[in-house]
Structure formats: structure tokens, C-alpha cells
Amino acid sequence: MSKILTGLDIGTHSIKLIEVLKKKKEIKLISCGLKLLPRQTSIDDKILILKELCNDLNISNRQINTSIAGKEVIIRYDNFPFMTKKSLIHSLKFEHEKYIPFPLDKCIVDINILSKSPNNKINTIIVSAQKSFINGRINLIKKANLTPIKIGIDSLCLYEIFSLSPFYSKNNSYVLLDIGKSFTNILIINKGTVVFSRDINIGGENFTISISELMSIPLNKAEQTKYQIDEATLLDALQPDLNSLMNEIELSIAYSKKNNFISDLECIYVSGGSSKLKGLVKTLENGLNIKSFLWNPFIKLQKDEAFDILDDHYQDLILALGIALS
């Protein structure tokens, strides 16, 4: 049975939208696009831009999946003695303060069992988000004449498309980095299981500010310029930001190795709009001493047309593809 799936990624730099047709193990790209957001954007601006994007793409399925991330979303990973999901939810009612920093009546909580360990324990993910944040996202989508069906979290949506890509093997362990405007999402996968994710508060906006200060130009001009200047000048300007980012990545990797018995990491796969910066991926590889690559899951999708937008923006659209398929 075939089904059209629509994924919506509302970022701070742009809004991305993708439609795919999924039939068993086959995935066909129907439409995809993005629209940039002005630096100062109101909710009404976002609604208007989202409507324009839907019209431009002439999407056929207005029932959409979307995802959330950032400081309003808290993610915890932990192991518990083997039990059903129902029993797990019941037990957490008595120790929720350990995992959920919000008052229970003001947040939405979801719990999923990721895998079962050989020692008869279950690996779980516990996600909580404030109701006000969730309701704001739902209202935005509805006002754009769309119907939200599922709201996931960025890291697991990223894992969804990675696990379906030719770059993935259950026998290996990986780091995924999605470098957006406001933050970098890091996801660590150990032999087919997500064991760690977090949002690092360093992203493309930090890079833009550094370029602005180095070249004494406005932020809007710096945003355009950072993709055009030569690699040496760019990396020199971004070195403090990159050092801070790599330090946070190293801490996350060390924590995951210690707590999940990871002996070796195959490589780092990098996505997100800021991954397009000249020399960034090679700098991460040299600084972290782990092979690092850009990855393009669109290369294996069926297509009836060329989708020229993917030539320059496939990195921006990877998360939206994962959202559609989640």
C-alpha cells in the first residue's frame, strides 16, 4: 500500500517542506522546497511564508508530520529493569523530577523503549516539552491550513532517515551532527540504537556574528558573505566557535562511550545548512580525529524530475525528509 507523507521543518533560518510517496521499501520524492525567514520574523510572518511554500509546491497531502528541538524540549536516556511501556509510565510518576524539569500539569511527556539490553534491561528515551511551546507550534501549523498529525523530535527524525540510507549499518556506531542556525543537534548511535542526543547552543548564527565582527559588516551581509569568502579567512574567523563546538562534541562522545560501552565510532555524518561552510567538515575531522563526511540521503530516492534545489540545499532538507518518514 502506498502513502503520501509530508514533513515540515520549521527552523529559525528557513522553513522546509517535503512530500514523499512511500510504498513498502521504496521511497519516491514528490516535492521539496524551502523559504528563508527574515532575521526578525513574527508568528504571522511564519504563517504567511508557510502558506506561500505550500502553494509553491502545490502539496497534495496537508496532513503533516513536524518535529521540535531546542531549550523547550528536554530529552533523557536511561536504562530500567525490563518492563512494559505501561509499567514504565506508571513507575515514572513517582520519580518524574529526575527526568522532567517542568511541572507535570504544564508539560507533555512521551516515553519510548528503544531497545532491550542483554542484561534484561530496557534502553529508554524520555521526552518532555512545555504545553505552551507545543500548542504554539500546533496553532501556527493550523493557521497555515495544515493539519498536524505527528510531532516528533529532531534527533529521532534524523535517525529515521539515516537508518534508511545507504550510509547506515547496524554493525557500526556513528555520530550525526545537524548544524542549524540556533544550535547543533548531536546524535550518537551504537549498533542500531540511539544512545544519546542533545542540542549544543552553537550554530550558524554564532558563525554569522563572528564574520560580522571580523569584517565589520552588518549581520545580514555577514550571513551572505560567510558562504563566499575563502576557506582560510572563514576558518580563522570561526576558530573560537569551532573550538567550543568541538569541545562539546568531545564531551558528548566521551560520556556516551563511558555509559554505553562504545569501543569505536565509525565516523561522523554532518548535515544542516551550516554544514555547507567551506572547510567545516574537514576541520571537524582533524579536530576530533574521527572521519567526517557530508551525507546525501536523496541520492537513493526515486524521482520523476531533477529537483535542482537539491544541488545547493540538500543539507538543509535532510531533517525534513526524516520528519516526513517518521
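The values are calculated or read from the model by the stated rules, or taken from the named source; none is laboratory data. All values derive from a computational prediction rather than experimental measurement. Every residue, glycine as well, gets a Cβ built from its backbone with ideal geometry; the counts of neighbours run over all protein chains shown.
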Unique residue being surrounded by 19 or more Cβ atoms within 10 Å (Cβ to Cβ) and either over 23 Å from Ala232 (Cβ atoms) or at pLDDT 95 or above (or both) when the list is Ile290, Ile323: Ile323
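When the stretch 224-236 is examined, which residues are found to be in a helix (DSSP H, G or I) and surrounded by fewer than 21 Cβ atoms within 10 Å (Cβ to Cβ)? Break it down stepwise before answering.
Of the residues in the stretch 224-236, the ones in a helix (DSSP H, G or I) are 224-225, 231-236.
Selection gives Gln224, Thr225, Glu231, Ala232, Thr233, Leu235, Asp236.
Taking Ile249 as the residue in question, decide whether it is assigned to a helix (DSSP H, G or I), surrounded by 14 or more Cβ atoms within 10 Å (Cβ to Cβ) and of a type outside the set (Asp, Glu). Quick ask: steps written out before the conclusion?
Values: assigned to a helix (DSSP H, G or I): yes; surrounded by 14 or more Cβ atoms within 10 Å (Cβ to Cβ): yes; of a type outside the set (Asp, Glu): yes.
Against the criterion (assigned to a helix (DSSP H, G or I), surrounded by 14 or more Cβ atoms within 10 Å (Cβ to Cβ) and of a type outside the set (Asp, Glu)), Ile249 qualifies.
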Within the group Tyr174, Tyr168, which residue is modelled with pLDDT of 90 or more, assigned to a loop (DSSP other than H, G, I, E, B), touching a helix residue (DSSP H, G or I) at 6+ places or on another chain (Cβ under 9 Å) and of a type in the set (Ser, Thr, Tyr)? Tyr168
Filtering the stretch 118-145 down to residues that are in contact (Cβ under 8 Å) with a residue 60 or more places away in the chain, crowded, with 19+ Cβ neighbours inside 10 Å and β-branched (Val, Ile, Thr) yields Ile125, Ile141
Just wondering, is there one or more residues in the stretch 238-246 that are part of a strand (DSSP E or B) and at pLDDT 95 or above? no
Could you please find all residues in the stretch 129-154 being part of a strand (DSSP E or B) and under 24 Å from Ile318 (Cα atoms)? Ala129, Thr147, Pro148, Ile149, Lys150, Ile151, Gly152, Ile153
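Would you mind finding the one in Ile18, Ile89, Ile100 that is at pLDDT 95 or above and either closer than 20 Å to Leu156 by Cβ or in contact with a Lys or Arg (Cβ under 6 Å, 6 or more places away or on another chain) (or both)? So that I can check it myself, show each step before the final result.
On the way: Ile89 fails: at pLDDT 95 or above; Ile100 fails: at pLDDT 95 or above.
Criteria check complete, one pass: Ile18.
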